[in-house]
Amino acid sequence: MKRDLINNFSVKPQGILDSIKYHVATHVVYTPIYSKNLLFNNEVMHGEWSFVGGAGMVGYTSGDTAPMYGGGLIGRFFKSNIVSYKFDARIYAQTAQNKSSDLLLMLNIGMSFEIGGRTQRGRTL
């Protein structure tokens with residue numbers, strides 16, 4: 001579509017057709033909340049809630065780059081000493097001009113496995 005506009009009409013499109021090529025960010029994670037959760041009235045799962053904040057850069061297919069900043073919330077739930085589940089939601093504001101959106105949303109769901117190593121002392125689930 002973008003190529004058709006350039007070839008047929010000699011127009012260089014901007015805005016909505018300029019998609020994100022990459023983004024790089026660094027964050028500070030603060031975990032003030034630890035919890036016990038009842039799963040389906042059958043099983044107790046331990047968990048933790050973290051607040052995330054940080055900044056980085058976003059790059060577009062046109063070659064433009066812009067600073068971005070944002071934050072979010074992470075929930076992590078421990079099935080056992082070895083297995084945990086993580087839900088991560090973040091929102092970023094980017095500062096580039098003439099783009100289709102000023103906000104970028106990131107949603108992640110993950111599962112972690114502890115392999116090897118020693119069990120931490122004093123931490124039981």
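Computed from the coordinates by the stated procedures, all read-outs in this text should not be read as laboratory data. Every value quoted in this text rests on a predicted model; they were computed, and no experiment measured them. Neighbour counts are summed over all protein chains in view; Cβ atoms, including those assigned to glycine, are modelled from backbone coordinates with ideal geometry.
Remarks
- Counted residue by residue at 0.36 nm each, then reduced by the alpha carbon distance between them, the extension gain from Tyr69 to Ile109 reaches 12.3 nm.
- Ranking of Val29, Val52 by neighbouring Cβ atoms within 10 Å, starting from the fewest: Val29, Val52.
- Per-selection metrics, the chain (Cα): Rg and Dmax in Å: 20.8, 69
- Residue-averaged [θ]222 nm for the chain, counting only DSSP H segments that reach four residues, each worth -39500 (n - 2.57): -1500 deg cm²/dmol
- Per residue, the average separation of C-alpha pairs within less than 8 Å and at least 6 apart gives the chain a relative contact order of 19 percent.
- Excluding same-chain neighbours fewer than eight residues apart, the aspartates and glutamates reachable from Lys86 by a Cα-Cα span under 14 Å are Glu48, Glu114.
- Segment Tyr85-Gln97, length gained on full extension (0.36 nm per residue, minus Cα span): 0.6 nm
- Residue order, fewest to most surrounding Cβ atoms within 10 angstrom, among Glu114, Glu48: Glu114, Glu48
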